[in-house]
Each structure stands twice: as C-alpha cells, then as structure tokens.
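*Asks:* Below: one structure in structure tokens.
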Amino acid sequence: MNMKKLLITAALVALAGSALAQDVLRVEALKVFKPDALTWKANPMFPNGAKTVLLVGDPSKPGAFVLYTKFPANYRVPPHTHPFSEVVTIISGSMGNGMGEKFDPQKGEMLKAGSLFALPANHAHYVWTGDEEVIVQIEATGPWGITYINPADDPRKKTN
C-alpha cells in the first residue's frame with residue numbers, strides 16, 4: 001500500500017472512530033436507582049398502560065441510553081421497528097417476544113426474568129405479557145423511536 005492510500009485509510013478509520021464514539025454511554029456523575037424510589041411515567045410511544053423511567057442518557061438525542069419499561073398484565077405491543085439496535089433484559093415477570101410484521105404469539109416465545117434479547121435496527125418484532133406485570137430494561141441508541149408496521153396501531157395517532 002502506498003503512503004497516500006495508507007494516510008487516507010488512517011483518516012477514514014479515525015473519522016469512523018469518532019462517529020462511533022458518539023454512541024458511547026456518557027455518565028457525568030454517580031447515579032443510583034432504587035426500585036421503590038422510581039417515578040414511572042406514561043410513554044406515548046406505547047399503547048395505554050405502559051410506563052417508563054429514564055435512567056441514563058436521553059433517547060431523544062444521539063447517544064446511548066438506558067430505561068426501564070413496565071408493562072401491565074395481558075398487554076400487547078403490536079409489530080413495530082426501532083431506528084437503532086436495542087437490547088432488552090427482562091427484570092421481572094415473563095414477556096413474550098416474537099419476530100415479524102404480524103402479531104402471532106404462536107410464532108414467538110415466552111421469556112422469563114433474567115432473559116435478554118438483542119434486536120438489529122429496523123427489525124420487525126412484537127411483545128406481550130401474560131397474567132403478570134413485566135419490567136424490562138432497554139438499552140439502545142438515540143434518537144430512539146418506534147414505527148408501527150400498521151400505522152393504525154400507533155397510539156400517538158389515536159384520538160380519544
């Protein structure tokens with residue numbers, strides 16, 4: 001490889017590295033979160049009943065974030081995608097997880113507390129709960145969002 005190609009390659013690697021560094025989770029000070037001190041809030045991205053707590057980062061901005069989401073018993077999130085990869089850990093309860101653009105619990109599986117699933121960006125999936133409340137931890141990169149496969153499923157577009 002000649003010197004010019006080597007310098008161009010090194011510059012591209014450096015630029016890619018700085019772009020990737022934006023996804024790094026940034027924590028400015030020690031933070032401790034205790035379950036009995038969390039303030040849960042409704043999340044308009046999910047059908048009525050789900051609540052979230054933002055722990056670290058900001059899902060509306062570029063960069064990594066961590067949040068908890070609480071789903072009530074007998075709850076469904078219709079098929080949807082996210083713009084970036086996400087990692088979901090089931091903290092308590094059991095959650096169904098299925099892949100595809102049509103909600104079919106027979107094609108998914110029920111995951112117990114302690115299970116984790118990782119999804120690539122723009123991968124259609126759906127989740128549901130059984131007869132118990134479920135809490136999950138979501139780690140992803142912002143700006144985060146949710147796009148429902150069927151736009152009629154999007155709770156942000158429904159009027160009361």
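The values are calculated or read from the model by the stated rules, or taken from the named source; none is laboratory data. This one's a predicted model, so the numbers in the text were calculated from it and none came from an experiment. Heads up, the Cβs are rebuilt from the backbone with ideal geometry, glycines too, and the neighbour counts pull from every protein chain shown.
*Asks:* Kindly provide the set of residues from the range 70-85 that are part of a strand (DSSP E or B) and over 22 Å from PRO35 (Cβ atoms), ordered by number.
*Replies:* Listed by number, the residues that qualify are ARG76, VAL77, PRO78, PRO79, HIS80, THR81.
*Asks:* Could you count how many residues in the range 67-109 are exposed (fewer than 15 other Cβ atoms within 10 Å of the Cβ), more than 15 Å from the chain's Cα centre (by Cα) and over 21 Å from ASP154 (Cα atoms)?
*Replies:* Total meeting the criteria: 3.
*Asks:* Find the residue count for the range 36-53, including only residues that are surrounded by fewer than 17 Cβ atoms within 10 Å (Cβ to Cβ) and hydroxyl-bearing (Ser, Thr, Tyr).
*Replies:* Residues meeting the conditions: 1.
*Asks:* While we're looking at this one, here's another question. Return the total of residues in the range 131-158 being over 18 Å from the mean Cα position of the chain (by Cα) and of a type in the set (A, V, I, L, M, F, W, C).
*Replies:* 1
*Asks:* Sticking with this structure for a sec: Which pairs do you get when a residue that is closer than 16 Å to THR129 by Cβ and of a type in the set (D, E, K, R), found in the range 32-59, comes within reach of a residue that is surrounded by 15 or more Cβ atoms within 10 Å (Cβ to Cβ) and at pLDDT 95 or above, reach meaning Cβ atoms under 8 angstrom, with the pair 6+ apart or on two chains?
*Replies:* From residues that are closer than 16 Å to THR129 by Cβ and of a type in the set (D, E, K, R), the pairs are LYS51/THR69; LYS51/LYS70.
*Asks:* Does GLY49 qualify as being assigned to a loop (DSSP other than H, G, I, E, B), under 28 Å from LEU30 (Cα atoms) and small (Gly, Ala, Ser)?
*Replies:* For GLY49, the condition - assigned to a loop (DSSP other than H, G, I, E, B), under 28 Å from LEU30 (Cα atoms) and small (Gly, Ala, Ser) - is not met.
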